[in-house]
Amino acid sequence: MDLTLTDEQQAFRDLARDFLDHEAVPHRTQWDRDESVDLEIIAKMAEIGFFGLTIPEEYGGLGGDYLTYVLGMEELGRADSALRGIVSVSNGLFGKSVLGFGTEEQKQEWLPRIASGTSLGCFGLTEPDTGSDAGNLTSRARRDGDDYVLNGQKLFITNGTWADVALVFARTSDDGPRGVTAFLVPTDAAGFEAREVKGKLGLRGQATAELFLSDVRVPSSARLGEEGQGFKIAMTSLDKGRVSVAAGCVGIVQGCLETSVSYATSRTQFGKQLAGFQLVQALIADMSVDADAARLLVWRCADLIDRGEPFGTAASKAKLFASEAAVRAANNAIQVYGGAGYVDEHPAEKYLRDARVMTLYEGTSQIQKLLIGRAETGVNAFV
Ligand code: COS
């Protein structure tokens, strides 16, 4: 695997970092306290190209490769994971599902709006009673003439109250994962309601919602893919989503490393720099190794995706390692800061609160281990 970035990849990373250092980092604490980013940041991020990174130019995107995408996700994770989540779900989970499985009309309808940031998408898979066990979701879609009528409930949906369109997974038959179908549902459809989930530990700047679908009627042209193909669409998109989460986690580890070095080299205790204490150096060394190791796992996934190779197990490994590393690094960054790390004047405590969910959503660490274990042994622990 060639680790050298092209001039274009390097240029995008520099542009992204510079933009976020000016437009996001100075505001992230306030956004976190306000429980919402300033939504004007969406248009600004779209101008840089964040929402269309991997959407082809013919649909208004940048048509970039996946390595460029993960570089962008790392920078977003370093700056503010709430922003990374908004982009990852709209451009990633939603946009890539439409790009991969949509008809030409569906791509024309939604992708330019997603790439330009004029519309946000969300991904309605998780339900109150089906998190890890996504194949058993219970929302229903009943065929009625040329329409479908959707009923059900979705939970923990990123962008849910801000999105213009929801990719909703609903059951069209009782055949487990094979009975799930995907639908593109405009969020202003009659019977569709989104309510914000309050009181989250982290990711406070992004909207997380509960969705209620009550006799929501959509035409059959809103179906994404074939009947019964929905679970595959969800899993295919989640494979890439996990790489995106992992890339964001690399950014968290990198951010923890940078802020810890900065604090440890500027604060004095016992008459010398904190950085002069071996135990502080040990904490920083662990972050540095974790950043490199996680980044290499993520870049391997991007390389596999760009070459069209299978990458599902590599994605599980990257997501497992990087998310656990992000929690470790953020916890240790607080340790470097001492008491000061416990308040939001410094970024360490926000990194920890934001990192914690990374081991949960888009497949818990336990699910990733079982997927890796299944790939290694050939034995399926889910049955
Ligand atoms: N890509 C494409 N297809 C996939 C796939 C993938 N990564 N994983 C499974 N499938 C397909 C299978 O090939 C199978 O298709 P066939 O019926 O044609 O054989 C079908 O989907 C069912 O697969 P499987 O039997 O493995 O489904 P399970 O119900 O056992 O689900 C797990 C397996 C647990 C891995 C899955 O439910 C999962 O990933 N859960 C976590 C969900 C999650 O991440 N939720 C968080 C969402 S936050 S947006």
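The values are calculated or read from the model by the stated rules, or taken from the named source; none is laboratory data. Everything quoted here is computed from the prediction, not taken from an experiment. Cβ placement follows ideal geometry from the backbone for every residue including glycine, while neighbour counts extend to all protein chains displayed. In case anyone asks, the SASA skips ligands and DNA or RNA and just uses the protein heavy atoms, side chains included. Shrake-Rupley method; radii C 1.70, N 1.55, O 1.52, S 1.80 Å.
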Rank THR181, THR313, THR54 by accessible area, highest first, at a 1.4 Å probe radius? THR313, THR54, THR181
For segment 170-176, in order, what is each residue's ³J(HN,Hα) by Karplus, 6.51 cos²θ - 1.76 cosθ + 1.60 with θ = phi - 60°, in whole Hz (x at glycine and Pro)? 9, 7, 9, 8, 8, 8, x
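Kindly identify segment 122-227 as rounded, prolate or oblate by the Cα gyration tensor criterion: order the square roots of the eigenvalues as a ≥ b ≥ c, call it rounded if a/c is under 1.5, otherwise compare a/b with b/c, prolate if a/b is larger, else oblate.
Details: a/c = 2.25, a/b = 1.45, b/c = 1.56.
The shape class here is oblate.
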Give me the percent of DSSP beta bridges within the chain that run antiparallel, rounded to the nearest 5. 85
Check which residues have an amide H placed less than 5 Å from LEU155's amide H, if you skip close sequence neighbours. THR126, GLU127, LEU211
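Between LYS232 and TYR342, 0.36 nm times their residue separation minus their Cα-Cα distance comes to what?
Numbers: separation 110, 0.36 × 110 = 39.60 nm, distance 4.23 nm.
Stretched out fully, the LYS232 to TYR342 stretch lengthens by 35.4 nm.
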Computed from the beta carbon distance with a Förster radius of 51 Å, FRET efficiency for ARG178 and GLN273 to the nearest 0.05 stands at 0.25
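From the protein chains alone at 1.4 Å, what is the descending order of accessible area for ASP133, ASP65, ASP354, largest first? Intermediate results must be reported in sequence, preceding the final value.
Working: ASP133 80, ASP65 55, ASP354 5 Å².
Of ASP133, ASP65, ASP354, the descending order of accessible area is ASP133, ASP65, ASP354.
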Summing Lys, Arg as +1 and Asp, Glu as -1, what charge do residues with Cβ under 9 Å from the Cβ of LEU20 carry, LEU20 excluded? -3
Could you report segment 1-116's accessible area per residue, 1.4 Å probe, as an integer in Å²? 41
Label model pair ASP34, ALA293: point-to-point distance (7 angstrom along the Cα→beta-carbon line) in nm is 3.9
Which is the longest part of the chain that has none of the GluC sites (Glu not before Pro) sitting in a DSSP loop with at most 13 other Cβ atoms within 10 Å? 1-225
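So how do SER262, SER90 rank on accessible area, 1.4 Å probe, biggest first, that is with the largest at the start? Don't jump to the answer; show the numbers that get you there.
Details: SER262 65, SER90 0 Å².
Largest to smallest exposure gives the sequence SER262, SER90.
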Along the Cα-to-C-beta direction of ALA285, a point sits 7 Å from the Cα; which residues of segment 301-331 have their amide N less than 17 Å from that point? 329
Helix-only mean residue ellipticity at 222 nm, the chain, DSSP H runs n ≥ 4 weighted -39,500 (n - 2.57), per residue, nearest 500. What is it? -16000 deg cm²/dmol
When only DSSP loop residues count, what chymotrypsin sites (Phe, Trp or Tyr not before Pro) in segment 205-291 have their Cβ near at most 12 other Cβ atoms within 10 Å? PHE270
Given N residues in segment 1-115, what is Rg(Cα) / (2.2 N^0.38 Å)? 1.08
Treating only Lys and Arg (+1) and Asp and Glu (-1) as charged, each at its beta carbon, one finds that the chain has a dipole about its Cα centre, in Debye to the nearest 20, of 1100
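Kindly provide the trypsin sites (Lys or Arg not before Pro) of segment 136-199 that DSSP labels as loop, not H, G, I, E or B, and whose Cβ sees at most 15 other Cβ atoms within 10 Å.
Sites meeting the loop and neighbour criteria: LYS198.
Taking a threshold of 26 Å on the Cα-Cα distance, which of the pairs LYS272/LYS350; LYS154/LYS319; LYS154/LYS240; LYS96/LYS154; LYS107/LYS154 fall above it? Each step should come with its number before you reach the end.
On the way: LYS272/LYS350 28 Å; LYS154/LYS319 24 Å; LYS154/LYS240 21 Å; LYS96/LYS154 20 Å; LYS107/LYS154 24 Å.
Going by Cα-Cα distance, LYS272/LYS350 fall outside the 26 Å limit.
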Once all Cα-Cα distances of the chain are split into 10 Å bins that start at 0, what whole-number percent is in each one? 5, 24, 33, 24, 10, 3, 1, 0
With unit charges on the beta carbons (Lys and Arg positive, Asp and Glu negative) and the dipole taken about the Cα centre of the chain, which residue among ASN332, VAL149, SER214 sits farthest to the positive side? ASN332
